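> My questions will all concern the structure given below.
Taken together, the values in this text are just the output of simple stated rules run on the coordinates, not laboratory data. No experiment lies behind these values; they were computed from the predicted model shown. Don't worry about glycine lacking a Cβ; one is built from the backbone with ideal geometry, like all the others, and counts go over all protein chains shown.
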Amino acid sequence: MSEIVRMVIVLSMIAGSCSAVLTMADQGLAPRIEKQTDLYVRGPALERLFGKPAKEVLNNKVLVEVDGVEIPVFYIKNGKKVSTLAIEAIGKGGYGGDLKLMIGIDLDSGNQTGLEVVSHSETPGLGARIEEVRFRQQWQGLPIDKKVALTANGGVIDAISGATATSKAAVGGTNEALMLLQNYRDAILKSISALEEKS
Amino acid sequence: MSQNLKVILTAGLWKRIPPFRLVLGLCPALAITTSVENGLGMGLALAFVVTMSGGIISSLRNIIPAKVRIASYIVIIATLVSIVEILMKAYFFPLSEQLGIYIPLIVVNCIVLGRAEGFASKNPPLPSMVDGVSIGLGYTLSLTIIGSIREILGAGSWFGIPVFGEFFEPLSFMVSAPGAFVTIGVLLGLQNLFSRWRGEKFVQG
C-alpha cells in the first residue's frame, strides 16, 4: 500500500513541477514568439500588401475585439492620416481547414488593395493555387462597401477551377473583413490614434 | 574519476556514436538532414534534451519508484522538449518551421529514453550529464556530416553558400528520401570497415 502511495506522490510531484516550469517558459516567451510569428508568417503578406519592409509595418498593429476574438489589424499612414489597413481574416470552410487571409484596404480611395494568404493547408495543385497572383489580383480595386462574390453567385471573382471550397472560403473571409471594417471603422481608427499617442 | 569521465565523453563520439553505432534516432537522421543547418539544429536540440534529462533523471534516480520510472522519464523528457520548442520558436523561428514535427518527436526519440534507462538511472548526475553531452555531440556531428554530404551533392551548397560553380548539376536524388538511406548506409559501412581494419572490438547497438 505504501508503495502505491509513494508512486502516486512522486509522479504527481514530478508532473506538477514540470507543468510549473513549462507555464513559466510559455508565459515568459509568449510575447517574443508572437513577434517572431508576425515577422515570419504575417511579414511576407504585409510586405506585398503595403510595399514596405515588414519591420516598418509590424509595430503598426492594433487588435480589434469582436465577440471575444482578437483580430489583428495593421496600418500605414500617409502623412498624418491612416491611408491603408490590412485586416486579418479567417476564411472558414477551406478544403483543408480554415484559411488565414490578409485583406488590404485603401481608406482614401475606398478600394481593396488586394488579398494575401498568410497560411493555408489546401491541396497542392488545386486549392493551393490560391497563392497564385492570377487569382488574388482579382481583389485589387474592388469597392470596400460592396460584398464580394464568385461569378457563380453573380459576383466578379472567378473561382479556382477544381477548388470551389477554397475560393468560397477566400470570398467568405473577405466579406467578414469588410463587415468588420464597416462596423468597427471608428473603433479601429481610435485605437490606432491611441497607439500613436503612446509611442 | 576524471579518467572515467574522459572515457564516457569520448565514447559518444566514436564507440557508440548515434545514429551509426547506437542505431537509434534514425528517423530524424533520415528525415531532416536535407541541409547542414537542419542537421546541426536538430543535433543541438537533442544534445540539450539528452544532457538535461541525464542530469535530472540521475539526481532523481533514488526517489523515482521502479514501477513508474518510464512514466516519470517521459514526463521529464517531454517538459525539456517543450522548452526547446518554445525557445526555438522564440529565437530561431525559421529553423523551427523547417524542423516542424521532428522537434516535438524528440520526446519519443529512443536515444534520449535509451540513455535515461541505460545510463542515467544507474549513475550519478555528473557522469550522466557528461554522457548526455557526449551522445548529443556525437549525434550533432553525425547529422552535420550527413547534412553536409546531402546538401553539397543534392543542392551544390553548404550552409546555403554555393560551393560549386554554375556548371554543377545538383543530384536531386540526394535530398530526397532514398539519398538519406544511401548516405547513412555508406557512412555506417565505412565506419564498420575502418573499425574492422583497426581490429577494434565493437558491438552494434
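> Could you pull out the longest piece of chain B with no exposed loop chymotrypsin sites (Phe, Trp or Tyr not before Pro) in it, calling a site exposed if DSSP puts it outside H, G, I, E, B and it has at most 14 other Cβ atoms within 10 Å?
B:1-158
> Could you list the square roots of 5 times each eigenvalue of the Cα gyration tensor of the range A:1-132, that is, the equivalent ellipsoid semi-axes, sorted largest first and rounded to whole Å?
42, 20, 13
> For chain B, which DSSP H helices look membrane-span-like by this rule: Cα extent along the axis of 24 Å or more and mean Kyte-Doolittle of at least -1.0?
For chain B, where a helix must reach 24 Å along its axis and average at least -1.0, the hits are B:36-59, B:69-91, B:125-155, B:177-197.
> For each pair in A:Lys55/A:Lys80; A:Lys100/A:Lys198; A:Lys100/A:Lys168; A:Lys52/A:Lys147, compute the distance between the two Cα atoms and list the pairs where it is over 25 Å.
The answer is A:Lys100/A:Lys198; A:Lys52/A:Lys147.
> Take each uninterrupted DSSP H stretch in chain A, measure its Cα extent along the helix axis, and return the ones at 24 Å or beyond whose mean Kyte-Doolittle hydropathy is at least 0.0.
A:2-37
> Still on this structure: Can you show me the helix-derived [θ] at 222 nm for the protein assembly as shown, built from DSSP H runs with n ≥ 4 at -39,500 (n - 2.57) apiece and divided by the number of residues, rounded to the nearest 500.
Dividing the helical sum by the residues of the protein assembly as shown leaves -18000 deg cm²/dmol.
> Any idea what the dipole of the protein assembly as shown comes to, in debye rounded to 20, about its Cα centre with Lys/Arg Cβ at +1 and Asp/Glu Cβ at -1?
1300
> Which aspartates and glutamates, if any, have their Cα less than 14 Å from the Cα of B:Lys201, not counting same-chain residues under 8 positions apart?
Cα-Cα hits under 14 Å: none found.
> Pull out a ≥ b ≥ c, the square roots of the eigenvalues of the alpha-carbon gyration tensor of chain B, then state rounded if a/c is under 1.5, prolate if not and a/b is larger than b/c, and oblate in the remaining case.
oblate
> Follow-up. With θ taken as phi - 60° and the coefficients 6.51, -1.76 and 1.60, list the Karplus ³J(HN,Hα) couplings across the range A:85-93 in order, rounded to whole Hz; mark glycine and proline as x.
Going residue by residue, I get 10, 10, 9, 7, 9, 9, x, 6, x Hz, with x marking Gly and Pro.
> Compute the length gained on full extension between B:Phe164 and B:Leu190: take 0.36 nm times their separation in residues and subtract their Cα-Cα distance, giving the result in nm to one decimal.
6.8 nm
> The protein assembly as shown: percent of C-alpha pairs farther apart than 42 Å?
33
> Between the range B:131-179 and the range B:38-79, what is the C-alpha centre distance in whole Å?
Going from one Cα centre to the other spans 28 Å.
> Return the FRET efficiency for the residue pair B:Lys201, A:Arg185: r is the Cβ-Cβ distance, R0 is 60 Å, and the value is rounded to the nearest 0.05.
In this case the efficiency is close to 0.15.
> On a C-alpha basis, how far is the centre of the range A:106-185 from the centre of the range A:1-69 in Å? Whole number, if you could?
What the calculation gives is 29 Å, centre to centre.
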